[in-house]
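Taken together, the values in this text are just the output of simple stated rules run on the coordinates, not laboratory data. Remember, it's a predicted structure, so these values are computed and weren't measured experimentally. We place every Cβ from the backbone using ideal geometry, glycine too, and count neighbours over all the protein chains shown.
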Amino acid sequence: MAHSQKPVIIYGGSFDPPHKGHMALAAAALRQLEPAALYFVPGWRTPFKDFQPVPFSRRCGMLAKALRGAGLAGRKGVSISSFEAGHRRVVYTFETIGHFQKKHPGAPVYFLMGSDCLAGFKQWRRWRGILKKASLLVGLRPGYSPGAAHGVPFVALRGRFPRAASSGLRGALFLGEKPSALAGPVLAEIERNGLYHDRELRYLKANLSSARLRHSLAVARLAMSLAPGLGLSPQKAALAGILHDCARELPGSGVAIARKGLAGVFPGRKSENMLYVEVISKAPVLLHAWAGAALARNLFGVKDREVLEAIALHATGAPGMGKLARLIYVCDLAAEGRGFKAAAWIRRLAGLDFPAALRAANYVKLSSAFSGGGWVHPLSVSLWNSLQEKKNG
Ligand SMILES: [Fe+2]
Ligand SMILES: [Fe+2]
């Protein structure tokens, strides 16, 4: 059926951050369909994300810069819509499409996406309803094969579009890199507002030696790479990795901060926390882990319990510690740049058999403590015992 009306294109997503791939897709859609309107619709929360996104207003700020950088700002019909944000909850695509359909009665509606979204499309809420109301307008990315669509009908954009996933870019930004898939003005906006841990990295650059900073980034990088295989969020892993040693070079090993801050880090476990601090005073260097958790919470506003636990327990380990804490414990020992022989093989082992890598990391830490002839923290010993029980049981 031929439509006399010009189409309307909706481009939904988290745009966290908006990159050149997004802009290339939008530019191609404008060329090919000459629509009456193209709406960028950043979500308030996207249903598939497990980590806090950058706040909506900041993402809109970056999106405006990205549009300007790509020469799309001010193009007739192109705008950023705050429809989804207005709801302050997860808004499903079928609702967004319904909204714009009402706004443009009778106009054919297209929903723009990269081909990587096709594979999961049938998991979207009311996907059949979406297809009744709108056509999917898809930019094919390298590696796309027809089977990936699982029979979902779509209109293909002419051309091939670079693969630039926001999640990978976030990872690079967490590590202080400046990915070329982001336009200069977007990077400047990120820096100005301290987004994607830029603020945390700046603090670390000012407060840690360059060797320690390199180590923290190496731990974050390794943790990010192992996280998906363990069912963990790479972003949480990166944050815990970057911050795990944030209090390592504080004067006095951060004793005061550890004491003051711990009650807030694990409320309800006050006496337990204090006990750890008392015991740790026999090996003050270990205090930086607890002080680091307190600092992460007080200075950077980290509220995530798993991240705080991972920072607090990275030096001693503890029986029953959570998955993320186990990951950071292993990565701290096995990250690139660690000078001892076992580090490299534990690193490899971690990707193949993580529980074995955890036992090995614990063994290496304990045996170096024993061979030094010093006091050994009881939590590290209990971790050892609990791992033997698991292995045998
Ligand atoms: Fe440490
Ligand atoms: Fe460390």
Everything considered on the Cα gyration tensor (a ≥ b ≥ c; rounded for a/c under 1.5, else prolate if a/b is larger than b/c, else oblate), region 8-189 must be described as rounded
Whole-Å distance linking the alpha carbon centroid of region 214-251 with that of region 292-318 is 11 Å
Most fluctuating of Pro17, Pro146, Pro42 in the GNM of the chain (C-alpha, under 10 Å) is Pro146
Answer in debye to the nearest 20: the dipole magnitude of region 64-129 about its Cα centre, from +1 Lys/Arg and -1 Asp/Glu charges placed on Cβ, is 140 debye
Restricting to Cα pairs under 8 Å and 6 or more apart, the percent relative contact order of region 129-251 works out to 19 percent
The answer for the chain, counting only DSSP H helices whose Cα atoms cover 20 angstrom or more along the axis and whose Kyte-Doolittle average is -1.0 or greater, is 210-226, 354-372, 378-392
Per-residue ellipticity at 222 nm attributable to helices in the chain (runs of n ≥ 4 DSSP H, -39500 (n - 2.57) apiece, nearest 500 deg cm²/dmol) works out to -16000 deg cm²/dmol
Computed on Cα atoms, Rg of region 68-162 relative to 2.2 N^0.38 Å comes out at 1.17
Once both label points are put 7 Å beyond Cα along the C-beta direction, the Ala344-Lys122 separation in nm becomes 4.6 nm
About its Cα centre, the chain carries a charge dipole, from +1 on Lys and Arg Cβ atoms and -1 on Asp and Glu Cβ atoms, whose size in debye to the nearest 20 is 920 debye
Expressed in angstrom, Rg and Dmax over the Cα atoms of the chain are 24.6, 84
FRET efficiency (Ser135, Arg199; Cβ distance; R0 25 Å; to 0.05) is 0.05
In debye to the nearest 20, the charge dipole size for region 123-199, taken about the Cα centre with +1 at each Lys and Arg Cβ and -1 at each Asp and Glu Cβ, equals 560 debye
For Lys205, the aspartates and glutamates lying under 13 Å Cα to Cα, once residues fewer than eight places off in the same chain are dropped, come out as Asp245, Glu249
GNM of the chain, Cα pairs under 10 angstrom: of Cys331, Cys117, Cys60, the biggest fluctuation goes to Cys117
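List the relative contact order of the chain as a percent without decimals, with contacts defined as Cα pairs under 8 Å and 6+ residues apart.
12 percent
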Mean-square fluctuation maximum in Gaussian network of the chain, Cα pairs under 10 Å, restricted to Val54, Val152, Val186, hits Val152
In whole angstrom, the spacing between the Cα centers of region 152-192 and region 101-124 equals 21 Å
XL table Lys122/Lys303; Lys20/Lys76; Lys65/Lys122; Lys103/Lys132; Lys323/Lys365; Lys178/Lys236; Cα-Cα > 27 Å flagged, in table order, is Lys122/Lys303; Lys65/Lys122
